[in-house]
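Working notes for the structure below.
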Amino acid sequence: MTVSTKPVALVTGSGQGIGRGIALKLAVEGYTVVINDVVADPSVTDKGPYEVKAAIEAAGGTAAICKADISSAADRQMMGDFIDKEFGRLDLLVNNAGVAPRQRADILEATEESFERLMNINLKGPYFLTQLLANKMIGYQKAGIVEVPRIVFITSMSAYVSSTSRGEYCVSKAALAMGATLFADRLGEFNIPVIQIAPGIIATPMTSVVTEKYDKLIAGGILPTKRWGQPEDIAGVVIAVAHGYLDYSTGNVIEVGGGFHIRRL
Ligand code: NAP
């Protein structure tokens, strides 16, 4: 097993959107970034994981691609083995991958199939990936390779804001928020900080299907900060975690939502 001299970060679902923004910023900060996505086609270079890898390398950074479906136990194991074999260390896990319902449907009509899909990807995937990789992190600590490994969960304001046209998404994120709390509690003993980031309305491919709706809401003043969030807004908080600035804040939620949580009269 070779041990990388650079710190290593795994960012799930980083072929686009928020994960891409996080990956690019971590690479600038000196991390080797493992770009994970469920689709990774080397012949596609203008978007997806290979575009992100090229952008990182063009800026002088290092990255590797690990194609894996986080909802699959075999794929999670393969990702863990890949990190062990290629780098021999993991300094930061960013549980970012997540999906919205394929179709928004009222909670009185939404299907069990969509519920199961979201639970598998948004909850079971990051929950058991964290279980697997936290154990590896403890091993890297014991071997003296990484002093303070860190874990980030990208949840959502939907963990506590009701949207009845995508109830299964809200429920998956609410449960994941408790997952983040549980791991923060359990991993305190090992000095592995766990921070939850709850994005608000962020401009990514996921939200591109509801641009008009959110444009109107933002123009109408739903957010104190009158603009869409950008992946860089989330990435900035991840960098603060990576630098250890939030270590003693383990178990906390950082909302990145332009002040959406502020109750106003
Ligand atoms: P996005 O643009 O759809 O990107 C998500 C990425 O995750 C995609 O590259 C997707 O790949 C990948 N992915 C999906 N299923 C996966 C799986 N099973 N295994 C591995 N990768 C998988 O979404 P985003 O807006 O950047 O969202 C990133 C995270 O932030 C999600 O957890 C989301 O719930 C959360 N979030 C987003 C917002 C927002 O306003 N955008 C707000 C709150 C929270 P494919 O495209 O190939 O499926």
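The values are calculated or read from the model by the stated rules, or taken from the named source; none is laboratory data. Small disclaimer: the values here were computed from a predicted structure and weren't measured. Positions of Cβ are backbone-derived with ideal geometry, glycine not excepted, and every protein chain shown enters the neighbour counts. Remember, those area values only see protein heavy atoms, side chains included, never the ligands or the DNA or RNA. Shrake-Rupley method; radii C 1.70, N 1.55, O 1.52, S 1.80 Å.
Here are the numbers:
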item: Every pair of residues 6+ apart whose Cβ atoms lie under 7 Å, when the first sits in the range 208-227 and is touching a residue at least 24 places away in the same chain (Cβ under 8 Å) while the second is among the hydrophobic types (A, V, I, L, M, F, W, C) and open to solvent by 60 Å² or more (accessible area, probe 1.4 Å); result: PRO224/ILE262
item: Test for LEU90: is it under 15 Å from the mean Cα position of the chain (by Cα) and closer than 21 Å to ILE35 by Cα; result: no
item: Counted residues, the range 41-64 - those being within 28 Å of PHE128 (Cβ to Cβ), within 12 Å of the ligand (Cβ to nearest atom) and open to solvent by 30 Å² or more (accessible area, probe 1.4 Å); result: 1
item: Residues of the range 160-180 classified as among the hydroxyl-bearing types (Ser, Thr, Tyr), farther than 20 Å from PRO126 by Cα and in contact with a helix residue (DSSP H, G or I) (Cβ under 8 Å, 6 or more places away or on another chain), total; result: 2
item: Residue in the range 13-24 that is over 18 Å from the mean Cα position of the chain (by Cα), away from the ligand (no atom under 12 Å from the Cβ), open to solvent by 40 Å² or more (accessible area, probe 1.4 Å) and modelled with pLDDT of 95 or more present; result: no
item: Every residue from the range 1-27 that is part of a loop (DSSP other than H, G, I, E, B) and in contact (Cβ under 8 Å) with a residue 60 or more places away in the chain; result: MET1, THR2, VAL3, SER4, PRO7, THR12, GLY13, SER14, GLN16
item: The range 183-208 - residue that is small (Gly, Ala, Ser) and closer than 14 Å to ILE151 by Cβ and, of those, most open to solvent (accessible area, probe 1.4 Å); result: GLY188
item: Answer residue from the range 229-258, given it is in a loop (DSSP other than H, G, I, E, B), within 15 Å of the ligand (Cβ to nearest atom) and open to solvent by less than 40 Å² (accessible area, probe 1.4 Å) and is nearest to ARG102 (Cα to Cα) among those; result: GLY257
item: Search result, residues across the range 149-182 that are touching a residue at least 40 places away in the same chain (Cβ under 8 Å), open to solvent by 30 Å² or more (accessible area, probe 1.4 Å), in a helix (DSSP H, G or I) and more than 14 Å from the ligand (Cβ to nearest atom); result: THR181
item: Residue in the range 101-110 that is of a type in the set (Lys, Arg), away from the ligand (no atom under 12 Å from the Cβ) and open to solvent by 20 Å² or more (accessible area, probe 1.4 Å) present; result: yes
item: Matching entry among GLY80, GLY30, GLY98, GLY88 (being part of a helix (DSSP H, G or I) and either open to solvent by less than 40 Å² (accessible area, probe 1.4 Å) or modelled with pLDDT under 95 (or both)); result: GLY80
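Residue-by-condition table, conditions (1) in contact with a Leu (Cβ under 7 Å, 6 or more places away or on another chain); (2) touching a residue at least 60 places away in the same chain (Cβ under 8 Å); (3) charged (D, E, K, R):
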site	(1), (2), (3)
PHE87	no, yes, no
ARG102	no, no, yes
LEU123	yes, no, no
LYS142	no, no, yes
